[in-house]
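Undergrad: Take this structure first; my questions come after.
The values are calculated or read from the model by the stated rules, or taken from the named source; none is laboratory data. These numbers were taken from a predicted model, which means no experiment stands behind them. Heads up, the Cβs are rebuilt from the backbone with ideal geometry, glycines too, and the neighbour counts pull from every protein chain shown.
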Amino acid sequence: MAQRIAIFGAGYIGLVTAACFAELGHTVAVRDIDSDKIAALQAGRIPIFEPGLAELIARNAGRLSFTVDADDAAADAQVVFVCVDTPPTASGDADLSRVWSVVDSMKGAAHLSAFVVKSTVPVGTGARIRAVLDTAGLRHVGYAANPEFTAEGRAVQDFMHPDRVVIGTDDHATAELLAAVHDGIDGPVMAMDVRSAEAVKLMANALLATKISFANEAAAICEATGADVNLVMDAVGADARLGRGFLNAGIGWGGSCFPKDTIGLKALAVNGGYHPQLLSAVIEVNELTRRRAVIRLKEELGTLDGKTVAVLGMTFKPGTDDMRESPATVIVDRLLTEGATVRSWDPMAQPQTTPPWSSTTRCASPLDALTGSDAAMLVTEWPELRDVDWPEAAAAMAAPVLFDGRNLLEPGAMADAGFTYLSVGRATVRG
């Protein structure tokens, strides 16, 4: 049965959630405090890049509306979904101010059937929200935690065909309502209590981050011993108990989820009196990995001072325009600190006017960035980089040295193209 839904937050999660629910036949109102973003959406312009999202919104325009007014969004809603961001504070704890702002704006919404938090929040947040709703006379309004597991670049596919839909609530009626809201989703529903649902997202991201950091630690060992990390991880990942996913060595994880969720989980543990040694090491390995990439290039060149380095890729991963916590930002900052001049390329990243990017030259193509450069660093594994004419690029560079931070390219082919080719966890080859 179609529901009337209000989505608070028009970011990556909110817009994908809204569009997909509309695709399922629900009527959805999206509210955000950013008036420019709402104006763009009302005019049919999508403020973020996410494959398939624009088409989905256009196809369901009759069931979607956008507003800056909280009361307007919730006026006819049966279910409210909170999809606002929860960035880390200076202490590493999640900043819940936007979540509480939504809660406060709903204190008079006695017509609601359910209030649902999709934002990633610390375990125990739901109990606090439940108490506030009860005090406001909304004891009859169901409460649920419904964490998201969508990856940028494939968020629509992940939402419509998930590994699982987690519904955390302490009453049966709300669980049934939310299961009905998700009717048509191609994935199993897993019902549990609120606290367990809140923990699922944090633990899932921590484990995925652990696999990546493990692969990068393994890469360093492979470099020291002469082993090939790609071959090693292929064999390790063939073990059904482990799986190959997220065992790719590279320059670490970034984005909107892994950094804040691992830091937030660590803060949650420390605040509770437990020192999470494994999680702390996972975070440290990730931080060191991108710095180590710059050190390896410096060792190859002898110095970075006065050198021109092309940085290929700016976003934290391909398939998105998201620059949040991108490894490229740390790498560029380190290159500039070492005295290098940086030329950058990315097909989707929005113009950057803040440090360190304001001190770089943005180029229109990979070849433009490479021309005249003393070295290059491949930071984001955009598929376009496979199609670069690498022999032409080598001839255009002052010195054909490439550090492939994602192991995207084939060492033998790069050597044949004339490059000194460095990668992660594999032997250096020289053309």
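Undergrad: Does Ser101 qualify as being surrounded by fewer than 17 Cβ atoms within 10 Å (Cβ to Cβ) and modelled with pLDDT under 95?
TA: Considered against the rule, which asks whether it is surrounded by fewer than 17 Cβ atoms within 10 Å (Cβ to Cβ) and modelled with pLDDT under 95, Ser101 comes out as no.
Undergrad: Identify, please: which residue in region 396-412 is touching a residue at least 60 places away in the same chain (Cβ under 8 Å) and outside any loop (DSSP other than H, G, I, E, B) and is, among those, farthest from the chain's Cα centre (by Cα)?
TA: Taking the candidates together, the pick is Val401.
Undergrad: Across region 361-403, what is the total count of residues that are closer than 14 Å to Met314 by Cα and among the charged types (D, E, K, R)? Don't jump to the end; show me each part of the working.
TA: Restricting attention to region 361-403, the residues satisfying the condition of being closer than 14 Å to Met314 by Cα are 361-366, 369, 376-385.
From what is left, the residues that are among the charged types (D, E, K, R) are 362, 381, 384.
Selection size over region 361-403: 3.
Undergrad: Then there's this: How many residues are within 30 Å of Ala427 (Cβ to Cβ), surrounded by 16 or more Cβ atoms within 10 Å (Cβ to Cβ) and of a type in the set (Val, Ile, Thr) when one looks only at region 222-275?
TA: Here the count works out to 4.
Undergrad: Just checking, does region 33-46 include any residue being part of a helix (DSSP H, G or I), within 25 Å of Asp322 (Cβ to Cβ) and touching an Asp or Glu at 6+ places or on another chain (Cβ under 6 Å)? Outline the logic, then answer.
TA: Restricting attention to region 33-46, the residues satisfying the condition of being part of a helix (DSSP H, G or I) are 35-42.
Applying the additional criterion that residues be within 25 Å of Asp322 (Cβ to Cβ) yields 35-42.
This time we only want the ones that are touching an Asp or Glu at 6+ places or on another chain (Cβ under 6 Å), so: 38.
Scanning region 33-46 turns up at least one residue that is part of a helix (DSSP H, G or I), within 25 Å of Asp322 (Cβ to Cβ) and touching an Asp or Glu at 6+ places or on another chain (Cβ under 6 Å).
Undergrad: On to the next question. Suppose we keep only residues that are on the phi > 0 side of the Ramachandran plot and either of a type in the set (A, V, I, L, M) or in contact (Cβ under 8 Å) with a residue 40 or more places away in the chain (or both) within region 286-327. Which one would you say is surrounded by the fewest Cβ atoms within 10 Å (Cβ to Cβ)?
TA: Looking at the filtered set, the residue picked out is Glu325.
Undergrad: Mind checking which residues of region 67-81 are in a loop (DSSP other than H, G, I, E, B), of a type in the set (Asp, Glu) and closer than 22 Å to Tyr12 by Cα?
TA: Answer for region 67-81, where residues must be in a loop (DSSP other than H, G, I, E, B), of a type in the set (Asp, Glu) and closer than 22 Å to Tyr12 by Cα: just Asp69.
Undergrad: Working carefully through the options Val16, Val30, Val84, find the one that is part of a helix (DSSP H, G or I), at pLDDT 95 or above and touching a helix residue (DSSP H, G or I) at 6+ places or on another chain (Cβ under 7 Å).
TA: It is Val16.
Undergrad: Now for a different question. What's the total number of residues in region 89-111 that are under 17 Å from Ala75 (Cβ atoms) and touching an Asp or Glu at 6+ places or on another chain (Cβ under 9 Å)?
TA: Qualifying residue count, region 89-111: 4.
Undergrad: OK, next. For residues in region 129-155 being in contact with a Phe, Trp or Tyr (Cβ under 9 Å, 6 or more places away or on another chain) and among the charged types (D, E, K, R), which is farthest from Ala94 (Cα to Cα)?
TA: This residue is Glu152.
Undergrad: Only one residue in Ala369, Ala376, Ala393, Ala415 is in the same structural domain as Arg296 (by TED's automatic domain parsing), in a helix (DSSP H, G or I) and in contact with a helix residue (DSSP H, G or I) (Cβ under 7 Å, 6 or more places away or on another chain). Which one?
TA: Ala393
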